[in-house]
Amino acid sequence: MTSTRDLSSTQRHDRFRLIAAPGPSAGSAKAGALGDLPEWNLADLYSSHEAPEVAADLERSLREAEAFESRYKGRLAEIAGRSGTELAGAIREMESLDDLMGRLASYAGLFYSGNTTDPVRQKFYGDVQDKLTTASTHLIFFALELNRIDDAVLDAAAADPDLAHYRPWLDDIRKARPFQLEDRIEQLFHEKSLSGSAAWNRLFDETMAGLRFDVDGHTLPLEPTLNLMQDSDGEKREAAAHALSDTFRENLPVFTLITNTLAKDKEISDRWRGFEDIADSRHLANRVEREVVDALVEAVRGAYPDLSHRYYALKARWFDRDSLDFWDRNAPLPSADTRQIPWDEARETVLGAYGRFSPKMADIARDFFDKGWIDAPAREGKAPGAFAHPTVPSAHPYVLLNYQGRTRDVMTLAHELGHGVHQVLAAPNGALMAPTPLTLAETASVFGEMLTFKTLLANAETPQKRKILLAGKVEDMINTVVRQIAFYTFERKVHAGRRQGELTSGELCDMWMSVQAESLGPAIRLSKDYETYWTYIPHFIHSPFYVYAYAFGDCLVNSLYAVYEEAEAGFQDKYFALLSAGGTKHHSELLAPFGLDATDPTFWQKGLSVISGFIDELEKMDA
C-alpha cells in the first residue's frame, strides 16, 4: 500500500514471447552475423555496485525516511486542515524520497538482471533489497494516514494549486482505502515480503537462470533453447521441445512449490484486505473495472475459433499436414527467409518506422541506441525475455533484450522502445504520477510494433513476402491476445484451486493443458511433453494477472491505429498527450479524444476484427 518502489519486476514492462557480465560500463558484444550488440551503461544511475555513492544513498534513504516519519506521522490531518500548500510540501518530500530509493532499486535490479547467477550480483541485489525494505517501513504510514483524512478536509485543501497538482495521485490512493489495513499490520506485511514473496520470486529467477537444456548433445541455457523452437529445421524444433520438457519436469517439484506458496501468499493478502475476486487487486492497480476485463476475456475466448483455431488449421495446410505438433506452432513458413537480421538493420527499421510516424518519436528512441540504454546480447545467466525499465524520472529508462536476429526480435525491439518512449514522455509527471497502469502501459509498445510491421509490409516486394509478414504478424497477435487471455484463464484456475487446498504438479499440468487445448484448437497437437510449459512463464510468479494487459493493449491499439489511418493532421499531438499523461488520467479520459471507449461492449470486437481481417487476407492468398 506504500508508494515507494520495490525491486520486483512489477515496476518494469516485460515481454516473454517464448520465451552484464563484466560490469556496468557501456560497450558492445561481438555476435557474428548480428554485428556489434550493445550492452547498457548503468553509470547514469551509479558508476559501479561498489561506488561510494551507493552506500551513501542507502544510508541517506534510511536517515531521510526516519526523519520524514518523525516530522509528519500523526500530523497529516492537522496539516491538511491548515494548509494545502504545506501538505503538498510533504508530498514533494515523499516524491523525492521515492525517486532516491527508486534509483537504488532500479540499479540493483538492472545490475542483477545482467547475470542472475553471479554470486556478487545476487548478494548486492539482496542487500539493497533488505536495506530499502527497512527504510521504506518508515514511509508506510503516509498513504495510510492520507486516506484517513476526511474527504471534505482534503477536498478543501486540494483547492490550493500546489496540492491540486497531486490530485490524481491522491485520488488513486483513495481508491485503495477500502482495502488498507491497520498501520502495524501493513508494516508487518511489508517487512515479511522480503522473506516471503520477494524471496520466492528470487528463487524462481535464479532457478530459471541456472537451468540447462541438453539439445542433441549441446548444453544450452533457456533463451537459445527457446529460440530453436523457431528454427527452420523441424528436427531441431522437436529436439528443443523435448529438452525443455525434460528439464522443466526435472524441476517440477520446485516450480510447483513456488506456485503454491505465492498463490497462498496472495490469498492471505486478498483475504485480509477484503478483495472479493482473485484478480481484483490487479484491476485496482490497473485502474480498470472488473467488468471491462471480463468483457475483454469473454470476447477473446469467444473468438478462439475465428482466430487461433482458424489460423493454425491454415498453417497446418501450408505444412501439408492435418495438424501441427506444439513445437511447430511458431515455426517459420516453409518459404520464409530465415536469415539473421543484423543489429544495425533492426535499428534502422524501427527508427525509420517511428520517424515516419513522428520525428519526435524517432528522436526519443534514438537516444536509447546512442546513449547506452540498451542491453541486447544473450549471455550466460542473463535474465530471459525482454523488458523496459522506467527507473526514475531523474534518470531515464533502460531496455533489456536477448537479440538473436529473428524478425520477432526486431518486433520485440520495436515493442520495448515503445515502452521506453512512453516512459520518457511520462517522466515529467514525477515519481508518484509517472507510472502508468499496465493496461495503458502496453499502448505505446504495441503501437510501436504496429508501426514497424506496417513499414515492413509496405516494403514487401512480392505477394509471397507479404504473406510471410502477414503470417508472422498474425502469430504475434495470437501470442499477444489469445495466448495471454489463455494465460489469464490458467491463472484464475490456479488461484481459485489453491483456495481449496495445495495443488499437485499433476493438477497444475492438467489445468495448463485444458486451457491450452481450448485456446489453440484442434490443429495443434499437445503431447504430454507440453504439460510442464507453464513453469517458465515469469509473469505468473512476478505479477499475478499481469498478462491480460497485453490483450488489452493489442485490441486497444488495433482500434487506435484504425483511427490514425483515417485521421487528419493532429493525431500525433493527441497520441503524445496520451503518453505524456503517465498515470494522471483514467483510460476513459485518455481514449475519449480518439472517440474510443473501452467500456463499450463492442469495443473489443473492433480490435479482434483486425486480427480476423489479416487471417481473411491469408486465406484469400491461398484460394
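The values are calculated or read from the model by the stated rules, or taken from the named source; none is laboratory data. Only a predicted model underlies this, so the values are computations on that prediction, with no experimental measurement involved. Every residue, glycine among them, receives a Cβ derived from its backbone with ideal geometry; neighbour counts consider all protein chains shown. In case anyone asks, the SASA skips ligands and DNA or RNA and just uses the protein heavy atoms, side chains included. Shrake-Rupley method; radii C 1.70, N 1.55, O 1.52, S 1.80 Å.
In table form, for the structure just shown:
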quantity: Those residues of segment 272-292 which are part of a helix (DSSP H, G or I) and open to solvent by less than 50 Å² (accessible area, probe 1.4 Å), in sequence order; calculated: Arg273, Asp280, Ser281, Arg282, His283, Asn286, Val292
quantity: Near pairs, Cβ below 9 angstrom, 6+ apart or cross-chain, from segment 322-348 (over 23 Å from Gly448 (Cα atoms)) to any residue that is open to solvent by 20 Å² or more (accessible area, probe 1.4 Å) and aromatic (Phe, Trp, Tyr); calculated: Asp328/Phe319; Ala331/Phe319; Leu333/Trp318; Leu333/Phe319; Pro334/Trp318; Pro334/Phe319; Ser335/Trp318
quantity: Residue count for segment 85-113, restricted to those that are among the small types (Gly, Ala, Ser) and either farther than 22 Å from Pro161 by Cα or at pLDDT below 95 (or both); calculated: 6
quantity: Residue within segment 2-9 that is touching a Lys or Arg at 6+ places or on another chain (Cβ under 6 Å), within 30 Å of Tyr548 (Cβ to Cβ), modelled with pLDDT under 50 and open to solvent by 40 Å² or more (accessible area, probe 1.4 Å) present; calculated: no
quantity: Filtered residue count, segment 432-452, keeping only those that are buried (at least 24 other Cβ atoms within 10 Å of the Cβ) and touching a strand residue (DSSP E or B) at 6+ places or on another chain (Cβ under 8 Å); calculated: 3
quantity: Residue in segment 323-330 that is within 28 Å of Glu518 (Cβ to Cβ) and open to solvent by 30 Å² or more (accessible area, probe 1.4 Å) present; calculated: yes
quantity: Subset of segment 31-86 (residues that are surrounded by 18 or more Cβ atoms within 10 Å (Cβ to Cβ) and in a strand (DSSP E or B)); calculated: Leu37, Pro38, Glu39
quantity: Positions within segment 574-607 being touching an Asp or Glu at 6+ places or on another chain (Cβ under 8 Å) and either more than 14 Å from Leu307 (Cβ to Cβ) or at pLDDT 95 or above (or both), in sequence order; calculated: Gly583, Ser588, Leu591, Thr599, Phe603
quantity: When residues of segment 517-571 are limited to those that are polar (S, T, N, Q) and at pLDDT 95 or above, the one surrounded by the fewest Cβ atoms within 10 Å (Cβ to Cβ); calculated: Ser527
quantity: Neighbours by Cβ (under 7 Å, 6+ apart or cross-chain): first from segment 397-413, within 13 Å of Trp343 (Cβ to Cβ) and aromatic (Phe, Trp, Tyr); second open to solvent by 20 Å² or more (accessible area, probe 1.4 Å) and in a helix (DSSP H, G or I); calculated: Tyr403/Asp409
quantity: Hey, Gly582 more than 30 Å from Trp327 (Cα to Cα) and over 23 Å from the mean Cα position of the chain (by Cα) or not; calculated: no
quantity: Segment 409-464, subset of a type in the set (D, E, K, R) and at pLDDT below 90, residue nearest to Val292 (Cα to Cα); calculated: Glu442
quantity: The listed residue being among the polar types (S, T, N, Q) and assigned to a helix (DSSP H, G or I), out of Gln230, Gln187; calculated: Gln187
quantity: Unique residue being farther than 26 Å from Arg301 by Cβ and touching a helix residue (DSSP H, G or I) at 6+ places or on another chain (Cβ under 9 Å) when the list is Ala598, Ala569, Ala581; calculated: Ala581
quantity: Entirely in segment 430-547, the helices (runs of 4 or more DSSP H) that have 2 or more residues that are of a type in the set (Lys, Arg); calculated: 463-480, 482-498
quantity: Selection within segment 193-218 - part of a helix (DSSP H, G or I), open to solvent by 60 Å² or more (accessible area, probe 1.4 Å) and of a type outside the set (Ser, Thr, Tyr); calculated: Trp200, Arg202, Leu203
quantity: Count of segment 353-367 residues which are open to solvent by 20 Å² or more (accessible area, probe 1.4 Å) and either within 17 Å of His396 (Cβ to Cβ) or small (Gly, Ala, Ser) (or both); calculated: 6
quantity: Condition met for Leu333 (buried (at least 18 other Cβ atoms within 10 Å of the Cβ) and not polar (S, T, N, Q)); calculated: no
quantity: Residues being in a loop (DSSP other than H, G, I, E, B) and more than 17 Å from Ser83 (Cα to Cα) - total across segment 149-183; calculated: 4
quantity: Residue selected from segment 385-422 under the condition under 14 Å from the mean Cα position of the chain (by Cα) and under 22 Å from Asp171 (Cβ atoms), by the criterion most open to solvent (accessible area, probe 1.4 Å); calculated: Pro390
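Per-residue answers, yes or no, for (1) open to solvent by less than 10 Å² (accessible area, probe 1.4 Å); (2) at pLDDT below 95; (3) assigned to a helix (DSSP H, G or I):
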| site | (1), (2), (3) |
| --- | --- |
| Glu223 | no, yes, yes |
| Glu238 | no, no, yes |
| His242 | no, no, yes |
| Arg249 | no, no, yes |
| Leu262 | no, no, yes |
| Asp270 | yes, no, yes |
| Ser308 | yes, no, yes |
